[in-house]
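Each remark here refers to the structure printed beneath this line.
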Amino acid sequence: MVRKGCVFDIKRYAIHDGPGIRMNIFFKGCPLSCMWCHNPEGQDPDPELMFDGLRCLACGACQDRSLPEECPSGALQRCGKYMSVEQVMEIILRERLFFDRSGGGVTFTGGEPLMQPDFLIGLLQACKESGIDRAVDTSLYAPGKVVRQVISLTTLFLADVKIMDPLKHKQYTGVDNILIHKNLFLVARSGVPFLLRIPLVHGVNDTEKETDLLARFAVRLRDMGNLKGIHLLPCHNYGQGKTMRMTGKKVQQGSFSTPPVQVIDSIMLKLRALGFRVVKGG
Ligand code: SF4
């Protein structure tokens with residue numbers, strides 16, 4: 001089993017991605033390419049360089065091969081590094097007290113954690129052995145065999161549902177949603193608690209047709225399993241600045257906006273009327 005994986009960030013004291021105080025581990029690499037992605041640096045599976053022109057001193061250190069490859073201003077930064085399960089666990093275990101006192105734990109996110117299944121499973125097993133709560137934030141675009149293994153080690157799924165119309169889903173994310181829906185049914189039938197997370201993008205998935213389809217789908221999932229609620233995540237454009245700083249492969253990104261407040265409120269009302277616990281953000 002591969003005990004190493006590529007991670008592009010580790011955030012302490014996270015409070016929006018599961019119960020209590022959490023540590024978020026960001027896996028690098030994603031099979032989707034959502035045009036509103038707010039973590040575009042998480043799409044490519046390998047480490048890459050990010051360049052921030054506003055911080056560059058034009059000192060030329062990065063051009064001079066005789067000098068150590070250190071950028072003095074932080075304008076040039078490596079995004080992503082390979083870490084072993086043991087290295088990540090050492091960081092996780094330092095926060096154990098906060099997890100125990102707050103009812104928190106670790107959330108594996110990305111990118112797409114299921115894209116590095118052996119690394120993820122190694123971390124889930126190690127956390128389980130240490131009695132640490134384990135949430136997985138995922139698009140569920142992965143082979144069913146991987147999803148089943150992850151289900152057996154996870155205490156909460158944060159499952160993204162982006163667009164219900166399969167053609168539109170492919171147009172905006174690069175993949176269709178058939179596999180994702182199949183895997184959502186696997187999660188629902190497993191009995192493991194899960195939340196649906198909906199990135200709300202104006203003109204894309206905030207229409208009446210889309211939200212009606214979403215509501216019907218959520219009712220089906222709730223009837224099958226342990227659906228704990230729905231989180232609506234209004235889209236923002238933070239990802240665009242990061243895309244401009246990426247020096248390697250260009251990520252396709254559009255300009256999108258948050259739906260108007262009245263539209264978000266009406267979606268919340270529609271879902272609450274069906275008995276769902278709905279939260280905006282988080
Ligand atoms: S080393 Fe950093 S600050 Fe100097 S020229 Fe290169 S990017 Fe700019």
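The values are calculated or read from the model by the stated rules, or taken from the named source; none is laboratory data. Keep in mind that this is a model prediction, so the values were computed, not measured. All Cβ positions, glycine included, derive from the backbone under ideal geometry; neighbour counts span all protein chains shown.
Brief remarks on what is shown
- Search result, residues across region 74-115 that are outside any helix (DSSP H, G or I) and within 18 Å of ALA135 (Cα to Cα): GLU95, GLY103, GLY104, GLY105, VAL106, THR107, PHE108, THR109, GLY110, GLY111, GLU112
- Contact annotation: residue pairs with Cβ atoms under 9 Å, 6 or more positions apart or on different chains, pairing a residue in region 38-61 that is closer than 20 Å to GLY5 by Cβ with a partner that is small (Gly, Ala, Ser) and at pLDDT below 90, are ASN39/GLY239; PRO40/GLY239; GLU41/GLY239; ASP44/GLY248; ASP46/GLY248; GLU48/GLY248; LEU49/GLY248.
- Checked across region 59-66, the condition of being out of contact with any Ser or Thr (no Cβ under 9 Å at 6 or more places or on another chain), within 30 Å of GLY18 (Cβ to Cβ), among the basic types (Lys, Arg) and within 16 Å of the ligand (Cβ to nearest atom) holds for no residue.
- Restricted to region 69-85, and to residues there that are surrounded by fewer than 19 Cβ atoms within 10 Å (Cβ to Cβ) and more than 14 Å from the ligand (Cβ to nearest atom), the residue that is farthest from LEU54 (Cα to Cα) is SER84.
- Pairs linking a residue in region 164-185 that is in contact (Cβ under 8 Å) with a residue 24 or more places away in the chain and over 11 Å from LEU32 (Cβ atoms) to a residue that is surrounded by fewer than 16 Cβ atoms within 10 Å (Cβ to Cβ) and of a type in the set (D, E, K, R), with Cβ atoms under 8 Å and 6 or more positions apart or on different chains, are ASP165/LYS209.
- Top-ranked residue of region 2-45 - restricted to ones that are of a type in the set (Lys, Arg) and crowded, with 19+ Cβ neighbours inside 10 Å, ranked as nearest to LYS168 (Cα to Cα): LYS28
- Complete set of residues in region 138-167 that are surrounded by fewer than 18 Cβ atoms within 10 Å (Cβ to Cβ) and closer than 20 Å to VAL204 by Cα: ASP165, PRO166, LEU167
- Failed item, numbered, when ILE15 is tested on (1) among the aliphatic types (A, V, I, L, M); (2) more than 30 Å from ILE163 (Cα to Cα); (3) modelled with pLDDT under 95; (4) under 22 Å from the mean Cα position of the chain (by Cα): (2)
- The numbered conditions (1) in contact (Cβ under 8 Å) with a residue 40 or more places away in the chain; (2) within 8 Å of the ligand (Cβ to nearest atom); (3) farther than 30 Å from TRP36 by Cβ are all true for GLU95 except (2).
- ASP52 meets the stated requirement of being more than 22 Å from the chain's Cα centre (by Cα) and either within 23 Å of LYS280 (Cα to Cα) or among the acidic types (Asp, Glu) (or both).
- Selection within region 163-189 - basic (Lys, Arg), more than 19 Å from the chain's Cα centre (by Cα) and farther than 18 Å from ALA215 by Cα: ARG189
- A single entry from VAL219, VAL263, VAL187 fulfils the requirement of being farther than 20 Å from PRO31 by Cβ, at pLDDT 95 or above and buried (at least 16 other Cβ atoms within 10 Å of the Cβ): VAL263.
- Here GLU48 meets the list (1) of a type in the set (Asp, Glu); (2) away from the ligand (no atom under 16 Å from the Cβ); (3) modelled with pLDDT under 95; (4) crowded, with 16+ Cβ neighbours inside 10 Å almost entirely, failing just condition (2).
- Exactly one residue out of PHE108, PHE99, PHE119 is closer than 30 Å to LEU186 by Cα, buried (at least 22 other Cβ atoms within 10 Å of the Cβ) and over 20 Å from the mean Cα position of the chain (by Cα), and it is PHE99.
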